[in-house]
Each structure stands twice: as structure tokens, then as C-alpha cells.
Amino acid sequence: MFGGPPTETVYFAFSVPWSFEDSQGKIDEIEQRFAAAPPEKNLYFHRETVFHSLEGRKMEMMTISSRDSITDEREPIPEDATALYPDARQDPARRPYRFNNNKKIVFLSARVHPGETPGSHVLNGALNLITDLRSDQGRLLRQNYIFKVIPTLNPDGVARGYYRLDSLGQNLNRHYSDPGQHQQPTIWAAKKCIEQYARAFNQLEVF
């Protein structure tokens with residue numbers, strides 16, 4: 001009744017939610033769809049763990065492209081960040097294949113601020129385009145570019161439902177200039193990743 005004591009709690013969302021589990025499910029869906037596609041679709045997909053968050057959650061990266069300009073070499077683990085790609089330290093085949101340097105890399109990421117779910121929806125729109133197996137635009141993008149995608153830069157904050165911070169109360173958007181491997185591990189790892197592609201492959205575009 002109006003004017004009486006409240007009888008229920010109502011929550012308002014900033015935008016349509018997108019959880020850490022939703023993000024993992026999106027990667028699963030793309031991986032399965034590419035694996036089921038026929039060879040003539042000329043697809044390349046690789047999924048790997050770049051690093052782990054403070055609470056041990058995976059920060060994953062997808063490599064999405066066509067097989068045009070692919071080589072038979074695997075990407076190396078950078079010498080100045082040997083802790084990256086923990087699975088590949090046991091098995092080098094867990095790293096993606098390299099491409100010739102005439103094929104540019106586009107690096108996409110989202111959710112350094114966990115509450116900014118619109119970033120995930122924008123990223124999902126881009127992913128839907130570049131992974132659309134019936135789209136000529138998607139096919140041309142895959143033929144001409146290598147997409148490196150980290151959907152969740154702050155896995156702990158997203159999983160906990162925070163708005164701007166990680167599990168230590170840090171605003172990770174303020175630590176890009178000098179992130180610490182043990183204090184801001186996912187930002188440290190993402191920066192090392194970008195530096196590797198910019199330095200070693202000279203083929204990077206960042207968005």
C-alpha cells in the first residue's frame with residue numbers, strides 16, 4: 001500500500017547484467033561453434049589462460065582469425081614475463097600459432113571496471129560480427145586481422161559483483177602505468193601481452 005511500510009526490496013541495474021560465468025559461456029560457445037565448422041570455413045580459434053587473478057580465477061584470451069598467413073611456429077612466452085601463460089609452461093603447444101607480420105593484430109578487452117557491463121555488451125557485438133560464419137564482413141575481418149580478445153580484465157571484481165574495484169579495493173584502471181605482478185596481476189599480464197605483440201611482432205592495433 002502507498003504510504004505504508006515497504007513490503008519488498010526493489011533493485012535497479014545500471015544496465016543488463018553480464019556475469020563472469022556469462023563471459024566464460026560466451027568463450028565456450030565460440031570455441032564449440034568454430035570446432036564444429038567445416039574446414040572450408042578457413043577458421044582459426046585458440047583459447048588460453050594468460051594469467052590468474054588474485055583469487056585464482058582465469059584471465060583468458062581468445063585468438064580469432066582465419067588460417068591465411070599462418071605459420072607452423074607457436075608464439076613464444078616473453079622472456080621478461082615468464083610467469084605468463086601458465087598452461088604453456090608445461091606444454092608449449094598450448095600457445096597459439098604465429099602469423100606472418102603482414103597480418104595485423106587487433107587487441108580487444110573489457111571489464112577493468114566490473115560494473116561497466118555495457119563494455120561486455122559492446123564487446124559481444126564485436127565478437128558476434130567477427131565470429132559470424134555466414135557474414136562476408138566477418139570473413140574479411142578474419143582474413144585480414146588476428147583478434148586477441150580478453151573479455152574480463154577484472155575477473156574477481158566481476159565475479160563478486162563489484163562496480164569499480166577488485167578484491168583488494170583497487171581501481172585497476174589507475175594501475176596501467178606501473179602494474180605489479182603480485183598486486184595487480186591481471187593488468188600486469190595484459191600489459192605484458194600487449195608489449196609482446198608490439199615489440200616482437202610489430203603488428204598491433206589496440207582498441
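May I ask you to list the residues in the stretch 120-168 that are among the small types (Gly, Ala, Ser) and surrounded by fewer than 20 Cβ atoms within 10 Å (Cβ to Cβ)? Matches in the stretch 120-168: Gly125, Ala126, Ser135, Gly138, Ala159, Gly161, Ser167. Just one of the numbered conditions (1) closer than 23 Å to Asp28 by Cα; (2) open to solvent by 20 Å² or more (accessible area, probe 1.4 Å) is not true of Gly115: (2). Considered as a group, the residues in the stretch 18-58 that are acidic (Asp, Glu), in a helix (DSSP H, G or I) and open to solvent by 60 Å² or more (accessible area, probe 1.4 Å) include one that is nearest to Ala159 (Cα to Cα), and that residue is Glu21.
The values are calculated or read from the model by the stated rules, or taken from the named source; none is laboratory data. Please read all numbers here as calculations on a predicted model, not as lab measurements. Note: ideal-geometry Cβ built from the backbone for every residue, glycine included; neighbour counts use all protein chains shown. With ligands, DNA and RNA removed, areas are computed over all heavy atoms of the protein, side chains included. Shrake-Rupley method; radii C 1.70, N 1.55, O 1.52, S 1.80 Å.
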